[in-house]
Amino acid sequence: MLSHQRAFKRPLLTCGDPAKELFSSEMAVLAHDNSPDPLLIYANATALRLWERSWQEMIGMPSRCTAEEGAREQRASALQRAQQQDAFEGYSGVRVSRTGQRFMINNARIWTFWDDQGRNCGQAAAFSSWRWL
């Protein structure tokens with residue numbers, strides 16, 4: 001959450017118990033590692049509901065699989081832009097759930113997150129606006 005503060009100059013959440021608040025937030029929050037084919041390392045309850053997956057199904061899944069094959073190039077461009085700028089705000093794109101249900105996410109924030117030594121650990125995304133297609 002400090003990486004969000006650093007990237008956007010505002011906190012993602014303001015609360016006393018950030019881990020609990022983040023997981024139960026109405027905003028969807030996901031994160032992937034920085035491996036060549038990034039794997040999801042976090043998804044909060046809202047993201048799990050949207051993608052219709054359990055924690056066990058979602059964590060470790062290639063993050064590219066959150067989007068339909070035809071939307072992956074646009075998604076990759078947004079991630080690259082966020083990587084180059086440290087953060088990107090205003091992303092919209094189509095995603096697909098485990099059962100094939102399509103939904104449009106709107107005004108997503110994507111940012112790079114860092115460890116305590118300043119090393120890139122991956123990227124995270126958060127959004128609170130979506131609609132089923």
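The values are calculated or read from the model by the stated rules, or taken from the named source; none is laboratory data. Bear in mind the structure is a predicted one, so any value in this text is a computation, not a measurement. In this analysis, Cβ positions are derived from the backbone assuming ideal geometry, glycine residues included, and neighbour counts consider all displayed protein chains.
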* To do: Tell me which residues, restricted to the range 21-44, are among the β-branched types (Val, Ile, Thr) and touching an Asp or Glu at 6+ places or on another chain (Cβ under 9 Å).
  => 41
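Residue by residue, here is whether (1) more than 21 Å from residue 131 (Cα to Cα); (2) among the small types (Gly, Ala, Ser) holds:
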position	(1), (2)
28	no, yes
32	yes, no
41	yes, no
52	no, no
55	yes, no
59	yes, no
78	no, yes
98	no, no
102	no, no
* Asked: Within the range 45-55, is there a residue that is modelled with pLDDT of 95 or more, aliphatic (A, V, I, L, M) and touching an Asp or Glu at 6+ places or on another chain (Cβ under 8 Å)?
  -> no
* Asked: What is the residue count in the range 109-133 for residues that are among the basic types (Lys, Arg) and closer than 13 Å to residue 86 by Cα?
  -> 2
* Structure fact -> Checked pairs for the range 23-38, first free of Cβ contacts under 8 Å to residues at least 60 places away in the same chain, second in a loop (DSSP other than H, G, I, E, B), C-beta under 7 Å and 6 or more apart or across chains, list as 23/44; 25/13; 25/44
* the range 88-106 residues that are within 14 Å of residue 48 (Cα to Cα) and surrounded by fewer than 13 Cβ atoms within 10 Å (Cβ to Cβ), paired with ones that are modelled with pLDDT of 95 or more and not hydrophobic (A, V, I, L, M, F, W, C) (beta carbon under 7 Å, 6 or more apart) -> 99/52
* Can you name every residue in the range 77-108 that is in contact with a helix residue (DSSP H, G or I) (Cβ under 8 Å, 6 or more places away or on another chain), small (Gly, Ala, Ser) and modelled with pLDDT under 95? -> 87
* State whether the residues of the range 85-105 include one that is within 23 Å of residue 7 (Cβ to Cβ), assigned to a helix (DSSP H, G or I) and of a type outside the set (Asp, Glu). => yes
* Asked: Which of the residues spanning the range 34-69 are loosely packed, with under 14 Cβ neighbours inside 10 Å and assigned to a loop (DSSP other than H, G, I, E, B)?
  -> 35, 36, 37, 54, 60
* Asked: Considering the range 6-33 alone, what residues qualify as being loosely packed, with under 15 Cβ neighbours inside 10 Å and either under 19 Å from residue 75 (Cα atoms) or at pLDDT 95 or above (or both)?
  -> 26
* Asked: What do you reckon, is residue 3 hydroxyl-bearing (Ser, Thr, Tyr), within 15 Å of the chain's Cα centre (by Cα) and modelled with pLDDT under 90?
  -> yes
* Asked: Considering only the range 80-100, how many residues are under 15 Å from residue 58 (Cβ atoms) and more than 12 Å from the chain's Cα centre (by Cα)?
  -> 4
